[in-house]
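The values are calculated or read from the model by the stated rules, or taken from the named source; none is laboratory data. On a predicted model such as this, the values are computed, not experimentally measured, just so you know. Neighbour counts run over all protein chains shown; Cβ positions are idealised from the backbone, glycine included. Areas reflect the complete protein model, heavy atoms only, side chains present, ligands, DNA and RNA absent. Shrake-Rupley method; radii C 1.70, N 1.55, O 1.52, S 1.80 Å.
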Amino acid sequence: QVQLVESGGGLVQAGGSLTLSCAASVSISSINAMGWYRQAPGKQREWVATFATGGSSYYAVSVKGRFTISMNNTKSTVYLQMNTLKPEDTAVYYCTALLRPDNNRSWGQGTQVTVSS
């Protein structure tokens, strides 16, 4: 069982920045990709960004140009740098990992991000 431990959430004013971190309890060699989803109150969970261990990154249209996903392979840790935050970015952010060999998905416990206007 893979554990994903998130950190870095909090309260920030609109236009501000936050960086989320998520550390996996396994080696990067066991992971195909890591990424982030978010869920706002009363809404479905939505995909935010993905970083494939081969080096490619992908973003939802709503965050492209403002958020940057990156990975430290040595630490099996994925980061989400969030800039120019908007109130609509307020949500619980969940880290996720797709594991080798079958792309089984694991989830973190979630971290709250609140952007005030």
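Pairwise Cα separations in the range 74-117 fall into 10 Å bins from 0 onward with the following percentages, short to long: 22, 43, 26, 9, 1. Per residue, the average separation of C-alpha pairs within less than 8 Å and at least 6 apart gives the chain a relative contact order of 36 percent.
At a Förster radius of 25 Å, what calculated FRET efficiency corresponds to the Cβ-Cβ distance of residue 25 and residue 45, to the nearest 0.05?
That pair, residue 25 with residue 45, gives E of 0.65.
Suppose every K and R has +1 on its Cβ and every D and E has -1 on its Cβ; what is the size of the dipole of the chain about the Cα centre, in Debye to the nearest 20?
80
The calculated FRET efficiency for residue 72 paired with residue 112, based on their beta-carbon distance and R0 = 22 Å, is about 0.40. Entry comment: accessible area of the chain is 52 Å² per residue, from protein heavy atoms only and a probe of 1.4 Å. Taking the centroid of alpha carbons for each part, the range 100-117 and the range 1-64 are 6 Å apart.
Taking the protein heavy atoms of the chain in the context of the full set of protein chains, the accessible area attributed to carbon and sulfur is 48 percent at 1.4 Å.
Taking 16, 35, 54 in turn, the Gaussian network model of the chain (Cα-Cα springs below 10 Å) assigns the largest fluctuation to 54.
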